[in-house]
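Below you'll find the structure, written out as structure tokens, and then a few comments.
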Amino acid sequence: MKHRPEKEVVKALVKITRYTIFVSLLLVLAMMIFSGYVFSLRGGMAAGQNLSPVNATPHAALAAPADATTAGTEKPLPPGVWKAPDAATIPAGKQGEMIRYGKELLAHTAQYFGPKGSIAQITNGMNCQNCHLDAGTRIFGNNYAGFIASYPKISSRSGKMSPASARIAECFERSLAGKVPDTSSKEIQSILAYMKWIGQGVPKKAKLFGNATEKLAFMDVAADPAKGKAVFIQKCQNCHGKEGEGLLTADKKEYQYPPLWGKHSYNDGAGMYRLGNFAGFVKNNMPYGASYQNPQLTDEEAWNVAAFVNSRPRPHKDQHLDWTDADKKPIDFPFGPYADHFSEKQHKFGPFKPIKEAQKNQSI
């Protein structure tokens, strides 16, 4: 009996030891879990990831190519770069109404002129905004910054003096593969009013950074439609469809994502059918979420996917009166005759460097 207190003390010490070990293990486990969370969070922030589920689209899974902008960094814009005026500055009254209507027509052209248009049924169903992004306000997205300031001018395509309304008419005939509305109509005049507002303060012949599409450096080889198809499958077909058919909105009156070929896409007389224009456009705007400051394609991918898209069937437009002066014909205009000996295929897909060198030698 005299040893009982000692046994009780030993038992108590054993219990305390076991409890201490258990608590210690719990603390170690908690620290491991917390450390793993912090590490993953820091890793995500370091990679420039957006952790919001709202932005977790299929495009977010695409890895940036080696020579594209790395995640978390942006290409700088030059100081004083053009910016579209704030919509809040649109004036009141009739002029403001025209500007707003013009913007609406550009953003939702098909609602008014498409196959189910409320005014006329004269276009393929695409919107002007499909090629002139954000209603013509985006850097290297075919913006309208210098449009009004450049007209009237002698059209390099027709060789004739042209007003701004004539250029809009060409878009209806080519990019929208349709018919020209009355250029004196309220609609065309409203589009012009919006473009004047967009380009306010831009002087004549101004050289604006980000105007039209970026002119990418020529590759040493021809653009490859087969390689471009692989790029399209990986990065484009999710929005534009397996057959480039695009995606209609719920009311079937316009496209949420435009068709890239086929009877409802731009015809072969459109500016996008020239490879240099298309490549510069997709480089800075595609796939969804890309921009000049944060591109997702390499230059080579942009050239190749442009070659693939423009190798697919689309409506044809008679262009025998385009650039009748062969010396002024663009280097990537894919229809002869030419002032040089290079083939239509090379003028369409490249390589363009030999053509450019030949042109330089002729001008010397």
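The values are calculated or read from the model by the stated rules, or taken from the named source; none is laboratory data. Note that this is a predicted model, so its numbers are computed, not measured. Positions of Cβ are backbone-derived with ideal geometry, glycine not excepted, and every protein chain shown enters the neighbour counts. Ligands, DNA and RNA are stripped out before the accessible areas are found, and what is left, the full protein with its side chains, is counted by its heavy atoms. Shrake-Rupley method; radii C 1.70, N 1.55, O 1.52, S 1.80 Å.
Here is how the numbers come out for the structure above:
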| quantity | calculated |
| --- | --- |
| Cut-off under 5 Å, modelled amide H: who pairs with residue 270 long-range | none |
| Rounded to whole Hz, the Karplus (6.51, -1.76, 1.60) HN-Hα couplings of region 295-307, x for glycine and proline | x, 10, 10, 7, 4, 4, 4, 5, 4, 5, 5, 5, 5 |
| Region 245-338, accessible surface, carbon-and-sulfur percent (1.4 angstrom probe) | 52 |
| In sequence order, calculated HN-Hα J values of region 344-351 (Karplus, 6.51, -1.76, 1.60; Hz; x Gly/Pro) | 4, 4, 6, 5, 8, 10, x, x |
| Under 15 Å, Cβ to Cβ, from residue 322 - net charge with Lys/Arg +1 and Asp/Glu -1 | +1 |
| Cα-centred dipole magnitude for region 273-334, charges only on beta-carbon of K, R (+1) and D, E (-1), debye, nearest 20 | 200 |
| Amide H within-cut-off set for residue 247, under 5 Å, with H built and near neighbours excluded | 256, 257 |
| Interchain or long-range residues, amide H under 5 Å from residue 162's placed H | 153, 154, 155 |
| ³J(HN,Hα), Karplus 6.51/-1.76/1.60, whole Hz, each residue of region 148-155, x for Gly, Pro | 5, 5, 8, 10, x, 7, 7, 5 |
| Size of charge dipole - region 169-298 - debye, nearest 20, with Cβ of Lys, Arg +1 and Asp, Glu -1, no other charges | 300 |
| Local electrostatic count, residue 144, Cβ distance below 12 Å [Lys/Arg +1, Asp/Glu -1] | +3 |
| Positive-end residue, region 233-364 charge dipole about Cα centroid, Cβ charges, pick of 241, 336, 303 | 241 |
| Region 183-327 - percent relative contact order, Cα under 8 Å, separation 6 or more | 27 |
| Relative contact order %, region 212-262, counting alpha carbon pairs below 8 Å whose residues are six or more apart | 23 |
| Loop GluC sites (Glu not before Pro), region 215-305 (other Cβ atoms within 10 Å of the site Cβ: 16 or fewer; DSSP) | 243 |
